[in-house]
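**Q** Structure provided below as structure tokens; questions to follow.
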Amino acid sequence: MNTLPLSEINKLKQALENADSIVITGHQNPDADCIGSNLGLYHFLIQSKKNVKVIVPNRFPENLKWMRGASEILVFEKDTEYCKQVIENADLLLSLDYNDLNRVGKMQESLEKATCTKVIIDHHPQPGNQFDIYFSDTSVSSASELVFAVMMELSENKSINNDSAECILAGIIADTGCFAYNSSTPETYLAVANLLEQQVDKDYIKSKLFDNYSINRTRLMGYLLSEKMVVLPEFRTAYIILTNEEKDKFGYKIGDSEGFVNLPHSIENIIFSVFIMEHEGMVKMSLRSKGSFDVNLLSRKYFNGGGHRNAAGGKEFDLSVEETAQKLMQLLPIYKEELLAS
Ligand code: 5GP
Ligand code: MN
């Protein structure tokens, strides 16, 4: 099991004891690890009869709504005034699966204004300095795994309930791509073994997460691979562009492009892939790498984003998708050595 700093555990225990209203928050464009870690902690904390709320900045994909408690989640962009009030009245704020208050879109100002104790439980590098209690560890598979470790420390009988365990396992399975990456340490499997002991149905979770898409989404994936994927073997790179017109044609729904960025990685010798999509008046990028090539640094430097070494996101506000691809292509020769060495 992951070892956590005792000083932070003690501070968190104290803060929880003193708090009546607790708010758990996730990042902009919530994914399965975000929702899984938020709800995993929610099901744990509501047992203590406190007033616990989960707030995420914007809508989350349909294929995550099966998670127990998902209907209780407040969406800041939808219920802005109510969410602002809840945050203002909170005694304790927990930030899960994001490393900085600039990762929560329009919710940023409310969180920054809040004067209560702030806790971070996260696995991204370079955590911000806005928090009072830190559980920040890049070596864990997912925020869900880290939240699980924290709950085990807090739990008197070293166990969590089934609702919580199911959400946590969903987060771990999703952030590791079914244990394909970020999952090479024994701690992850010790956590999973522990969760399975709580009678969680792994196959059910896998099918809810990955075997639950629309026909349109599968056809879109085929189209992108066949017609849109650009492969640049000399740079060990591939990229895919998705336009608004194509999204309309395939009845695109939020979450449909989840995982597409990983597809080129099954090609021999490709270690860097980028998915570039038109999204709500800007360009949204997903970057993935294998080995030492650091897409977090690349995205921070050039694409207004960040993330992990091997998985990052980015955005462009003033470029089209094609111009974004051009910008990427111009960077490749600069990084050729690193790409070849990765
Ligand atoms: P995705 O490509 O799945 O959207 O994001 C991959 C990883 O990068 C996730 O861990 C996500 O939290 C992070 N990420 C995505 N977009 C951004 C961004 O704009 N800024 C930062 N700092 N991280 C991001
Ligand atoms: Mn995560």
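**Q** Using a 7 Å offset from Cα along Cα-Cβ at Arg219, what residues in region 240-279 end up with backbone N under 14 Å from the label point?
**A** 246-253, by backbone N distance to the label point.
**Q** Return the single residue from Arg219, Arg236, Arg103 with maximal mean-square fluctuation; model: Gaussian network over the chain, springs between Cα atoms under 10 Å.
**A** Per the Cα network of the chain with a 10 Å cutoff, Arg219 tops the list.
**Q** Within region 208-309, list the GluC sites (Glu not before Pro) lying in a DSSP loop whose Cβ has at most 12 other Cβ atoms in a 10 Å radius.
**A** On the way: sites: Glu227, Glu234, Glu245, Glu246, Glu258, Glu268, Glu278, Glu280; in loops: Glu258, Glu268, Glu280.
For GluC sites (Glu not before Pro) across region 208-309 that sit outside H, G, I, E and B with at most 12 neighbouring Cβ atoms in 10 Å, the list reads Glu268, Glu280.
**Q** May I pose another question? Could you work out how far apart the two model spin labels at Asn262 and Leu331 are, taking each label as a point 7 Å from the Cα in the direction of the beta carbon, and quote it in nm?
**A** 2.2
**Q** How long is the gain from Asn89 to Asn244 if the chain were fully straight, where each residue apart is worth 0.36 nm and the alpha carbon distance is subtracted?
**A** Numbers: separation 155, 0.36 × 155 = 55.80 nm, distance 3.99 nm.
Length difference between fully extended and current span is 51.8 nm.
**Q** Considering only region 206-342, what is the antiparallel percent among its DSSP beta bridges, to the nearest 5? Walk me through the numbers before you get to the answer.
**A** Details: 19 of 25 bridges.
In region 206-342, DSSP labels about 75 percent of beta bridges as antiparallel.
**Q** Modelling each spin label as a point 7 Å along the Cα-to-Cβ direction, I'd like the Phe317/Lys106 distance in nm, to one decimal.
**A** Going from the Phe317 label point to the Lys106 one covers 1.6 nm.
**Q** Then there is this: Given +1 on the Cβ of Lys and Arg, -1 on the Cβ of Asp and Glu, and no further charges, what dipole in debye does the chain carry about its Cα centre, rounded to the nearest 20?
**A** Dipole magnitude for the chain comes out near 180 debye.
**Q** Next question, about the same structure. To the nearest 10 Å², what's His43's accessible area with a 1.4 Å probe?
**A** Accessible area of His43: about 20 Å².
**Q** Let me ask something else. At a threshold of 8 angstrom on Cα-Cα distance, excluding pairs fewer than six apart, so keeping six or more, what relative contact order does region 149-252 reach in percent?
**A** Taking the mean separation of contacting Cα pairs over the length of region 149-252, I get 22 percent.
**Q** Still on this structure, I have one more. So what J values fall out for region 49-65 if you push phi through Karplus, 6.51 cos²θ - 1.76 cosθ + 1.60 with θ = phi - 60°, rounded to Hz, Gly and Pro as x?
**A** Per-residue couplings from phi come out as 6, 8, 8, 10, 10, 10, 10, 10, x, 9, 4, 10, x, 3, 6, 10, 6 Hz.
**Q** Label 7 Å along Cα→Cβ of Thr80; region 54-70 residues with amide nitrogen under 13 Å?
**A** Backbone N within reach: 58.
**Q** Right, another one. Where q = 0.16, 0.24 Å⁻¹, what log10 of I(q)/I(0) comes from the Debye formula for region 248-289, counting one point per Cα?
**A** Normalising to I(0) and taking log10 leaves -0.47, -0.87.
**Q** Which value, in Å² rounded to 10, gives the accessible area of Tyr223 with a 1.4 Å probe and all protein chains present?
**A** We get 60 Å² for Tyr223.
**Q** Could I ask something else about it? Return the equivalent ellipsoid semi-axes of region 215-341 as a descending list in whole Å, where each equals the square root of 5 times an eigenvalue of the C-alpha gyration tensor.
**A** So the three semi-axes of region 215-341 are 23, 16, 13 Å.
**Q** While we're looking at this one, here's another question. Say the dipole of the chain comes from +1 at the beta carbon of Lys and Arg and -1 at that of Asp and Glu; which of Asn89, Pro5, Met285 then lies farthest toward its positive end?
**A** In the chain, that residue is Met285.
**Q** Let me ask you something else. Can you give me the Kirkwood hydrodynamic radius for region 6-210, using every pair of distinct Cα atoms, in Å to one decimal?
**A** Evaluated over region 6-210, this radius sits at 16.6 Å.
**Q** Starting at the first residue of region 329-334, write each ³J(HN,Hα) from the Karplus equation 6.51 cos²θ - 1.76 cosθ + 1.60 with θ = phi - 60°, in whole Hz, x for Gly and Pro.
**A** With the stated coefficients, region 329-334 comes to 4, 5, 7, 4, x, 5 Hz.
**Q** Among Pro125, Pro30, Pro186, which one shows the biggest mean-square fluctuation in a GNM of the chain, springs joining Cα atoms closer than 10 Å?
**A** Maximum fluctuation in the GNM of the chain, among the listed residues, is at Pro186.
**Q** Report the Stokes-Einstein translational diffusion coefficient (µm² s⁻¹, integer) for region 144-184, Rh taken as the Kirkwood radius over Cα pairs, at 25 °C with viscosity 0.890 mPa s.
**A** Value of D from the Cα-based Kirkwood radius: 229 µm²/s.
**Q** In a shell of Cβ-Cβ distance under 10 Å around Ile240, excluding Ile240 itself, what net charge do Lys and Arg (+1) and Asp and Glu (-1) give?
**A** Overall, the nearby charge balance is 0.
**Q** Separate question: From the convex hull of the Cα coordinates of the chain, what is the mean projected area in square nanometres?
**A** Averaged projected area of the chain's Cα convex hull equals 16.8 nm².
**Q** Oh, and also: If I model a spin label as a point 7 Å beyond the Cα along the Cα-Cβ vector, how far apart are those points for Asn157 and Ile9 in nm?
**A** In this crude label model, Asn157 to Ile9 measures out at 1.9 nm.
**Q** So what's the net charge close to Tyr204: Lys and Arg +1, Asp and Glu -1, counting the other residues with Cβ under 14 Å from its Cβ?
**A** Summing Lys/Arg as +1 and Asp/Glu as -1 gives -1.
**Q** Among DSSP bridges having both ends in region 239-306, what percentage is antiparallel? Round to the nearest 5.
**A** Details: 8 of 12 bridges.
Taking every DSSP beta bridge with both residues in region 239-306, the antiparallel ones total about 65 percent.
The values are calculated or read from the model by the stated rules, or taken from the named source; none is laboratory data. From a predicted model like this one, the values you see are computed outputs, not experimental measurements. Note that we place each Cβ from the backbone using ideal geometry, even for glycine, and neighbour counts take in every protein chain shown. Please note that ligands, DNA and RNA were not included when accessible areas were found on the heavy atoms of the full protein model with its side chains. Shrake-Rupley method; radii C 1.70, N 1.55, O 1.52, S 1.80 Å.
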